[in-house]
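Take a look at the structure set out below.
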Amino acid sequence: MQNRREQLNIDLFTLLQKLPDIGKLMVNSKNLGATHERIGTVERVYFANGRIAITGAEHHSSLDPFAVTQIIIDRTSIMRDKCYPRIDMLDKDGEVVASVIRFDGIEPFDAALAEFGAGTALEEKVKDETAADRKEIREDDGGLKPFKQAETDKADIRIELDLPHFHQQWQGAMPEIRSTMGFINVMVSDFHLHLKGDSVDSWQQQETHEGTSYAAYNAAQKPLGLVVTLLKQDGVAA
């Protein structure tokens, strides 16, 4: 019988090489109110420039394997009678560097990880049942700026979460902005950005050979790691 929550003491790269066998999954990370998610099937996992790259038509991320000191397998998330098992990769301070969440059931997840055997059983996390304070997004919320500009310019856009130990990006035509449940949401089938309202105080703007990039900062002037680039079209900045 599988542990519902456990620690696996195995090599991270060996584990992540199993991602193509898991099927449809999400790779995500978050920082200071910005959550960046790629969704789909992983095609290849390999080393590049000292990092583990996770790639495919629907995935584009990399992480620092030396930053991950603990691997947690969690099978406790149940929504609408379906299990969404996850792999949480934690750093030395117990903070999540990145997570992998399997969609469409637990069986392919367990089959892919079966050769590693059972890990060390852990206590299940107590879920916070407190209702979140989800305010409506104001029309002048600071987080909207580059997305509204991209809508106006009908620009192609690249959205990155660029953290010290994790990087992930998506690029394409600017999707519709949906502001619901206290978040600015930018979503297509293989990518979701959820940006909490009032998490961005300012954007540091820079012109590059690719276009105009905006790096998000909060009220304490800490970088969120969120970088939005309005890409040039036919050599002209959007």
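Give a quick list of GluC sites (Glu not before Pro) in the range 162-210 that DSSP marks as loop, anything other than H, G, I, E or B, with at most 12 other Cβ atoms within 10 Å.
Qualifying residues, ordered by number: Glu176, Glu210.
Given that compact globular proteins tend to follow 2.2 N^0.38 Å, what is the ratio of the alpha-carbon Rg of the range 5-121 to that value?
Against the empirical 2.2 N^0.38 Å value, I get 0.99 for the range 5-121.
Calculate the dipole size of the chain relative to its Cα centre from +1 charges on Lys and Arg beta carbons and -1 charges on Asp and Glu beta carbons; express the result in debye to the nearest 20.
160 debye
From the backbone phi of the range 103-113, what are the Karplus-calculated ³J(HN,Hα) couplings (6.51 cos²θ - 1.76 cosθ + 1.60, θ = phi - 60°) in whole Hz, Gly and Pro given as x?
Running phi through 6.51 cos²θ - 1.76 cosθ + 1.60 with θ = phi - 60° gives 9, 6, x, 8, 4, x, 5, 5, 5, 5, 9 Hz.
With charges set only on the Cβ (+1 for Lys and Arg, -1 for Asp and Glu), what does the dipole of the range 5-121 come to about its Cα centre, in debye to the nearest 20?
200 debye
Pairs Lys127/Lys222; Lys154/Lys232; Lys196/Lys222; Lys145/Lys196; Lys24/Lys127: which exceed 18 Å Cα-Cα?
Listed pairs above 18 Å: Lys127/Lys222; Lys24/Lys127.
Could you estimate the translational diffusion coefficient of the chain from the Stokes-Einstein equation, with Rh from the Kirkwood formula over C-alpha pairs, at 4 °C and 1.567 mPa s, in whole µm²/s?
Value of D from the Cα-based Kirkwood radius: 68 µm²/s.
Using a/c under 1.5 as the rounded threshold, could you call the range 142-231 rounded, prolate or oblate? The axes a ≥ b ≥ c are square roots of the C-alpha gyration tensor eigenvalues, and prolate needs a/b larger than b/c, oblate otherwise.
Taking the square roots of the gyration eigenvalues as a ≥ b ≥ c, the range 142-231 is rounded.
So what is the 222 nm mean residue ellipticity for the chain from helices alone, if each DSSP H run of at least 4 adds -39500 (n - 2.57) and you divide by all residues, rounding to the nearest 500 deg cm²/dmol?
-2500 deg cm²/dmol
Counting other Cβ atoms within 10 Å of each Cβ, which trypsin sites (Lys or Arg not before Pro) in the range 1-66 have at most 16 and sit in a DSSP loop?
Within the range 1-66, the qualifying trypsin sites (Lys or Arg not before Pro) (loop, at most 16 other Cβ atoms within 10 Å) are Arg4.
Give me the base-10 log of I(q)/I(0) for the range 81-217 at each q in 0.17 Å⁻¹, Debye formula, one uniform scatterer per Cα, rounded to two decimals.
So the normalised log intensities are -1.16.
Report, by chain and number, residues whose modeled amide H sits under 5 Å from the one on Asn3, excluding near sequence neighbours (fewer than 5 apart, same chain).
The answer is Gly119.
Read-outs: derived from the displayed coordinates by stated rules, not from any lab. Predicted model only: the values in this text are computed from it and were never measured. Don't worry about glycine lacking a Cβ; one is built from the backbone with ideal geometry, like all the others, and counts go over all protein chains shown.
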